[in-house]
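Written out below as structure tokens is the structure these notes cover.
The values are calculated or read from the model by the stated rules, or taken from the named source; none is laboratory data. Fair warning: this is a prediction, and the values are worked out from it, not measured in the lab. All Cβ positions, even for glycine, are placed from backbone atoms using ideal geometry, and neighbour counts span all protein chains on display. Note: accessible area is taken over every heavy atom of the protein model, side chains too, but ligands, DNA and RNA are not part of it. Shrake-Rupley method; radii C 1.70, N 1.55, O 1.52, S 1.80 Å.
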Amino acid sequence: MSWKWEYAFGAEEVARTAPTGFLAEVERKADELVRAAEALHIHGQAHESVDPKGGDVIVPGGMFTYQVVVRSERIFIVQITYLGF
């Protein structure tokens, strides 16, 4: 398995209706988070500790909240907030 990101919960629904430019920024930042997590947790599936705290990322037009699940080698985007500016 390799590290990936995906939408979770209501974020997937918001992603269907948000502007494409905003979503492109969200996806670009999510790709950066994946690369960072992959470098930090080389043996993710063998991880036995508590998952690290997620966070909020500000992008042009809004923000998103993510959670890291190391054993699944996933970054989950759990909330998207489009502010429109």
Inset, instruction - Could you work out which residue, out of 21, 62, 54, moves most in a Gaussian network model of the chain, that is, has the largest mean-square fluctuation with Cα springs under 10 Å? - result: 21
Legend entry - Nearest-ten-degree value, helix 20-40 long axis tilted from longest Cα axis of the chain: 10 degrees
Inset, instruction - Using a cut-off of 13 Å between beta-carbons, work out the net charge of the residues near residue 20 (Lys and Arg +1, Asp and Glu -1, residue 20 not included). - result: 0
Legend entry - Charge sum, other residues only, whose C-beta stays under 10 Å from residue 41's C-beta, Lys/Arg counted +1 and Asp/Glu -1: -2
Inset, instruction - State to the nearest 20 debye the size of the charge dipole of the chain about its Cα centre, where the only charges are +1 on K and R beta carbons and -1 on D and E beta carbons. - result: 40 debye
Inset, instruction - From largest accessible area down, sort 7, 82; use a 1.4 Å probe on the protein chains. - result: 82, 7
Legend entry - Note, ³J(HN,Hα) from phi for the stretch 61-78, Karplus 6.51, -1.76, 1.60, rounded to Hz, x at Gly and Pro: x, x, 7, 8, 10, 10, 9, 9, 10, 5, 4, 8, 6, 9, 10, 9, 8, 9
